Amino acid sequence: MKKIALIDDDPIFIQHFTDLLNTYLPKYFDDYIINDIYNNYQQELKNTYDILFIDIDLHHTSGIDIIHELKNNHYPSLFIFVSSKNEMVFDALTVQPFQFIRKDNLQEDLLLTLALINNYYKEHDKLITLSLHGRQTALHVNEIIYLQSDIHEITIVTINDSYCYQTTLKNILSMLPNYFIQIQKSLIINLDYIKEINNNDIILKNGNIFSVNRHYKKDFFYKYKEYLL
């Protein structure tokens, strides 16, 4: 089930937006729940949502500030701004939202966003099946943070555990989506888990810090810019 939250201080708009979602979401998700949030944003967001639609200009606070805080706490959600203030799109980009929906172009922007969300989940909900310790084990690729090789053994580090697998880095990279990027001869990272980049150092959300090897630097920064866009 996909859990979706709508944050807006205008009850009339939020009801209209909820109706639109209920019209179009069944095309993409068989099972979902929508929670409308008019106030007490911080308290309500102690719950976790898969998709978060949020207005930028809220009473007594800013949607941008809310998303900034959530991202600092590694809140696992797709963030989509919904705003009547189109001029704030560039301010919104500072927190790298998934998408920006204009209220004056609501239906068209929403349809595009839902198609992009659907494509995102098709890519990120993929499973890879590996033979680990004599058993077939399925791993969600979106839970893999990085992979590191030692000759022909690969250590796969996920958000919950780590696994060792007998193969080559080249072979396992061919099994992964294009948001997995090689940054060293023996290391592949998941771009979704980058917290920040400081010169050549990549700081991941789990606290690991890796340097980009000179040989991979140009390709990494090119693909990372594409990923951000």
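List the strands (runs of 3 or more DSSP E) inside the range 158-229, counting only whole elements, that have at least 3 residues being not aromatic (F, W, Y). Before the answer, list the steps.
On the way: elements: 162-166, 180-184, 187-190, 194-198, 201-204, 209-211.
Here the list reads 162-166, 180-184, 187-190, 194-198, 201-204.
From the list I145, I188, I209, pick out the single residue that is buried (at least 17 other Cβ atoms within 10 Å of the Cβ) and more than 25 Å from L52 (Cβ to Cβ).
I188
Go through the range 74-132 residue by residue and tally those that are outside any helix (DSSP H, G or I), of a type outside the set (D, E, K, R) and either closer than 16 Å to L52 by Cα or open to solvent by less than 30 Å² (accessible area, probe 1.4 Å) (or both).
Step one: filter the range 74-132 for residues outside any helix (DSSP H, G or I), giving 74-85, 96-102, 125-132.
Next, only the ones that are of a type outside the set (D, E, K, R) stay: 74-84, 96-101, 127-132.
Filter once more, so that each one left must be either closer than 16 Å to L52 by Cα or open to solvent by less than 30 Å² (accessible area, probe 1.4 Å) (or both): 74-83, 96-101, 128, 130, 132.
Qualifying residue count for the region: 19.
Pairs only if they're at least six apart or on different chains, beta carbon under 7 angstrom, first in the range 207-229 and touching a residue at least 40 places away in the same chain (Cβ under 8 Å), second of a type in the set (A, V, I, L, M); list them, first residue then second.
Listed pairs, sorted by first residue: F210/I183; F210/L187; F210/I189; F210/I202; K223/I181; Y224/L191; Y227/L191.
Of everything in the range 1-55, what is of a type in the set (V, I, T), outside any strand (DSSP E or B) and open to solvent by 50 Å² or more (accessible area, probe 1.4 Å)? Give them in sequence order.
If the condition is that a residue be of a type in the set (V, I, T), outside any strand (DSSP E or B) and open to solvent by 50 Å² or more (accessible area, probe 1.4 Å), then I12, T23, T48 are the ones that fit.
So which residues in the range 191-205 are open to solvent by 70 Å² or more (accessible area, probe 1.4 Å) and touching a residue at least 12 places away in the same chain (Cβ under 8 Å)?
K205
The values are calculated or read from the model by the stated rules, or taken from the named source; none is laboratory data. The shown structure was predicted, so the numbers you read here are calculated from the model rather than taken from an experiment. Positions of Cβ are generated from backbone atoms using ideal geometry, with glycine treated the same way; all protein chains shown enter the neighbour counts. These area figures cover heavy atoms from the full protein model, side chains too; ligands, DNA and RNA do not enter into them. Shrake-Rupley method; radii C 1.70, N 1.55, O 1.52, S 1.80 Å.
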